[in-house]
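The structure appears below as structure tokens.
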Amino acid sequence: MRRVTRNLLVAIALVAVALLALGALPSYLGSGDPYYLTAEPIETNETAADVNNVTDRRYPFLTGALASDDGRSDPYLADSYGVKEWFTHTPFDEVDALTRQVPEAATDDGVRVRRDGQVYYVEVIQP
């Protein structure tokens with residue numbers, strides 16, 4: 001193998017490893033401000049997004065909040081510079097996705113969802 005070819009392959013491999021590390025590393029960083037997705041039961045006849053069939057793989061914060069006793073998901077720890085949001089799934093992404101799916105269910109700070117006949121007000125909070 002020629003030296004130039006070998007150096008090119010090594011450079012490509014290093015770039016691939018660096019990109020993989022950038023994608024995986026931020027989710028393991030445990031510093032930053034905690035944000036929680038909360039689900040509070042409400043009484044309303046207004047439009048709500050149906051979340052009976054959502055999975056914890058696509059909506060881990062929402063399913064965590066709906067399943068918990070206090071209506072709060074596991075914390076999402078944001079970093080100081082906002083870089084982590086580019087590479088990881090956030091509770092903000094889940095609220096935005098539900099808002100795009102059912103715009104009528106959106107409120108100023110969150111979204112209304114319906115699960116098993118109960119309506120919840122879902123929002124991201126920072127204690």
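Hey, can you tell me all the residues within segment 16-43 that are modelled with pLDDT of 90 or more and surrounded by fewer than 12 Cβ atoms within 10 Å (Cβ to Cβ)?
Pro41, Glu43, listed by residue number.
Restricting to segment 95-127, what's the tally of residues that are of a type in the set (S, T, N, Q) and free of Cβ contacts under 8 Å to residues at least 60 places away in the same chain?
Matching residues across segment 95-127 total 3.
How about segment 34-82: which of its residues are farther than 25 Å from Glu104 by Cα and not in a loop (DSSP other than H, G, I, E, B)?
Selection gives Pro34, Tyr76, Leu77, Ala78.
Can you pull out every residue in segment 48-59 that is surrounded by 18 or more Cβ atoms within 10 Å (Cβ to Cβ), farther than 11 Å from Val122 by Cα and touching a residue at least 12 places away in the same chain (Cβ under 8 Å)?
Val51, Tyr59, listed by residue number.
Could you please let me know if Asp69 is within 26 Å of Pro127 (Cα to Cα) and either small (Gly, Ala, Ser) or at pLDDT 85 or above (or both)?
The answer is yes for Asp69.
Please find, within segment 95-123, the residue that is surrounded by the most Cβ atoms within 10 Å (Cβ to Cβ) out of those that are in contact with a helix residue (DSSP H, G or I) (Cβ under 8 Å, 6 or more places away or on another chain) and not in a strand (DSSP E or B).
Leu98
The values are calculated or read from the model by the stated rules, or taken from the named source; none is laboratory data. Computed from a predicted model, the values in this text were never measured in an experiment. Because the Cβ atoms are built from the backbone with ideal geometry, glycine has one as well, and the counts that use them run over all protein chains shown.
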